[in-house]
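The values are calculated or read from the model by the stated rules, or taken from the named source; none is laboratory data. The structure displayed is predicted, hence computed values, not measured ones. Quick reminder, even Gly has a Cβ in these numbers, built from the backbone with ideal geometry, and neighbours come from all protein chains shown. We work out accessible area using only protein heavy atoms, side chains counted, and drop any ligands, DNA or RNA first. Shrake-Rupley method; radii C 1.70, N 1.55, O 1.52, S 1.80 Å.
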Amino acid sequence: MTYQFLSGDGSDGTPSADYAGMAQAYRQHLIDNGTLKERTTEGSNIPIRVDFLMSDSKKGVFSTQQVTVTTADDVRNILSKLTKDGVENINTGLIGWQSGGETLSKPNSTSFSSAVGSESKFTSLISDFAKKNVDISFSREFTTINEDMVSYYSNAAKHLNTKYLQVDKTDILPKNAPVTEFGYALPKKTAQWMDDLYEDLGEDSKSFTIDGASNVLVSTYSSDGVETTVSDAIKLYQNSLQKMKKNGTTLNLVAPNKYLWKYTDRYLQSPVGTSQYVYETDSVPFLQMVLNGTMEVYAPYSNFSFYSQADMLKMIDYNISPSFVLTQKPSYLLASTTSCDYYSTEFDQYEDLINTIYTTVNDVLSKVKGCEWIGRKVLDDGVIANEYTSNDGEKTVIINYTDEEVTINGESVPAQSAAVIEGGVN
């Protein structure tokens, strides 16, 4: 444990004694110990994350049925439309691309469904869009399992009493969902499945998206007393990701824990709300300030109620890029699957919104891209000043959450908007 004491307002060049200074000091500490590494940014525009949910399974009359809502050809068409609309710097993860869909396919399966697309179609898709600077990766959740996916014997983690770790989701899933009880994979199995899938698909895509293993840690016990601790699990996951990084793979991790930040290129589903702890009086972008300039950080999916003007301003305030999850067909087709929580995903409903959100956020954040985030001030209720610096000088992003126009340093910032002004603010 490291103690570092802060004092002053930062005018002497040392971290200030507030949350912004704490974030700066912690960020530097993580850089010094090798957890984080400063990176140069490419291009003038911010990135955007556009994931695709392709298929899942539901109960049928005699067996389960795969529900396909997006094909490889649909992904090609949608990405072509977005690039034509002027949306740039896109990266994407393909969810539920395996035969059986996201819920019933084994995590390391490379069995492609003909209804979704053959392996050659995916290979062609990834290759063609790589030439257009669009990064497409296979996505997989590696930790949550069920007995229709794999046998629990030799695959599932156990409590100290040797009972399997299980979660019953009967009350939150539809009655005709194919499975309602879930377990957790043994850490060594999770690591093995990541290695297997990467070995089989690493040549198809130089990018890989990981969920579950990025943010869930479990220990396991057996009847003979042999155990895998959470520390052992961390080492297993670190070793797997390190092998991928050595091959130059871009790693997209969903809400990764700190022990994986060293390997993270894109932090997906960044938190933007308060933790609800009573000693916190406000929600602030502490995590985002710590990670700034070391990896790309993305907001929660905008099509799940994170798309209002205030939400767009929060993306600018927190310096995070927008993200969406899309399907070609209507999302109601997923109502009987375990993906029923993806309740609004149809591309035709969101094409205009994607362009609006990307343009709004990019117009501001592109002007401070590559700059160092050095401070954040609350000038008044609902008026925020984020301070950035670079070789070109200091810039300040003013975020006006209020319903009234404000004037900062002689610059007018309309209600519910954000603007970049040169220099700092008092």
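Of the accessible area of the stretch 69-221, with the probe set at 1.4 angstrom, what percent is carbon plus sulfur?
Details: 2870 of 6470 Å².
Its accessible area is 44 percent carbon and sulfur atoms.
Could you provide, to the nearest whole Å², the per residue accessible area of the chain with probe 1.4 Å?
Details: 19890 Å² over 426 residues.
On a per-residue basis, the chain sits at 47 Å².
Counting only C-alpha contacts under 8 Å and six or more residues apart, can you give the relative contact order of the chain as a whole percent?
On the way: 813 pairs, mean separation 67.6, N = 426.
Relative contact order for the chain comes out at 16 percent.
Once the piece of chain linking Ile31 and Asn45 is laid out straight, how much longer is it, given 0.36 nm per residue of separation minus the C-alpha distance between them?
Working: separation 14, 0.36 × 14 = 5.04 nm, distance 2.54 nm.
Going from the current span to full extension adds 2.5 nm.
What pairs in Lys158/Lys258; Lys163/Lys235; Lys81/Lys121; Lys58/Lys188; Lys58/Lys106; Lys235/Lys258 have C-alpha atoms more than 22 Å from each other?
From the list (Lys158/Lys258; Lys163/Lys235; Lys81/Lys121; Lys58/Lys188; Lys58/Lys106; Lys235/Lys258), the Cα-Cα distance tops 22 Å for Lys158/Lys258; Lys163/Lys235; Lys58/Lys188.
How many angstrom separate the Cα center of the stretch 241-273 from the Cα center of the stretch 166-223?
16 Å
Of all accessible surface on the stretch 277-410 at a 1.4 Å probe, what whole percent is carbon and sulfur? All intermediate terms of the calculation are to be shown ahead of the outcome.
Details: 2540 of 5720 Å².
So the carbon and sulfur contribution to the accessible surface is 44 percent.
Taking the Cα centre as origin and putting +1 on Lys and Arg beta-carbons and -1 on Asp and Glu beta-carbons, what dipole magnitude results for the chain, to the nearest 20 debye? Let's see the in-between values first.
Working: 35 positive and 55 negative charges, 288 e Å.
Roughly 1380 debye for the chain.
Once every DSSP H run of n ≥ 4 in the chain is given -39500 (n - 2.57) and the sum is divided by its residues, what mean residue ellipticity at 222 nm do you get, rounded to the nearest 500 deg cm²/dmol?
Values: 9 runs with 110 residues, N = 426.
Taken over the chain, the calculation gives -8000 deg cm²/dmol.
How high is the relative contact order of the stretch 351-396, given as a whole-number percent (alpha carbon pairs under 8 Å, six or more residues apart)? Present the calculation step by step, with values, prior to reporting the outcome.
Values: 39 pairs, mean separation 12.1, N = 46.
Value for the stretch 351-396: 26 percent.
Going by average Cβ neighbours within 10 Å, how do the peptides 35-45, 345-355 rank, with the highest at the top? Can you show the working numbers first?
Values: 35-45: 12.7, 345-355: 17.1.
Ranked by mean Cβ neighbours within 10 Å, highest first: 345-355, 35-45.
State, to one decimal in nm, how far the label point of Ser80 lies from the label point of Asn247, with both points 7 Å from Cα in the Cβ direction.
Reported label-point gap for Ser80 and Asn247 is 3.0 nm.
Thr162 versus Lys235, label points 7 Å from Cα toward the beta carbon: distance in nm?
Between Thr162 and Lys235, the label points sit 2.6 nm apart.
Nothing charged except the Cβ atoms of Lys and Arg (+1) and of Asp and Glu (-1): what's the magnitude of the dipole of the stretch 165-295 about its Cα centre? Round to the nearest 20 debye. Walk me through the numbers before you get to the answer.
Numbers: 12 positive and 16 negative charges, 78 e Å.
Value, rounded to 20: 380 debye.
Estimate the FRET efficiency between Gln65 and Ser11 by the formula 1/(1 + (r/R0)^6), using the beta-carbon distance for r and 51 Å for R0, to the nearest 0.05. It would help to have the intermediate numbers written out before the result.
Working: r = 65 Å, r/R0 = 1.28.
After rounding to 0.05, the efficiency reads 0.20.
Work out the FRET efficiency for Glu147 and Ser283 from their Cβ-Cβ distance, taking R0 = 45 Å, and round it to the nearest 0.05. List each step's numbers first, then the result.
On the way: r = 40 Å, r/R0 = 0.88.
Efficiency computed from Cβ-Cβ geometry: 0.70.
Would you mind calculating the relative contact order of the stretch 19-94 from Cα pairs under 8 angstrom and at least 6 residues apart, reporting the percent as a whole number?
Details: 57 pairs, mean separation 26.4, N = 76.
Relative contact order of the stretch 19-94: 35 percent.
Putting +1 on Lys and Arg Cβ atoms and -1 on Asp and Glu Cβ atoms, find which of Thr228, Pro174, Phe306 reaches farthest to the positive end of the dipole of the chain.
Going by the Cα projections, it comes out as Thr228.
Among Asn33, Val67, Val50, whose Cα projects farthest towards the positive end of the dipole of the stretch 24-80, with charges put on the beta-carbon of Lys, Arg (+1) and Asp, Glu (-1)?
Positive-end residue among those listed: Val67.
Could you work out which residue, out of Asn133, Asn89, Asn33, moves most in a Gaussian network model of the chain, that is, has the largest mean-square fluctuation with Cα springs under 10 Å?
Asn33
I'd like to compare 226-232, 203-209: which one has the highest average count of other Cβ atoms within 10 Å, and what's the full order after that? Intermediate results must be reported in sequence, preceding the final value.
Details: 226-232: 12.4, 203-209: 19.9.
Per-residue Cβ counts within 10 Å, averaged per peptide and sorted highest first, yield 203-209, 226-232.
If we sort 191-200, 78-87 on the protection proxy, mean other Cβ atoms within 10 Å, highest first, what's the order? Don't skip to the answer; put the middle values down first.
Working: 191-200: 18.9, 78-87: 16.4.
Result, highest mean Cβ count within 10 Å first: 191-200, 78-87.
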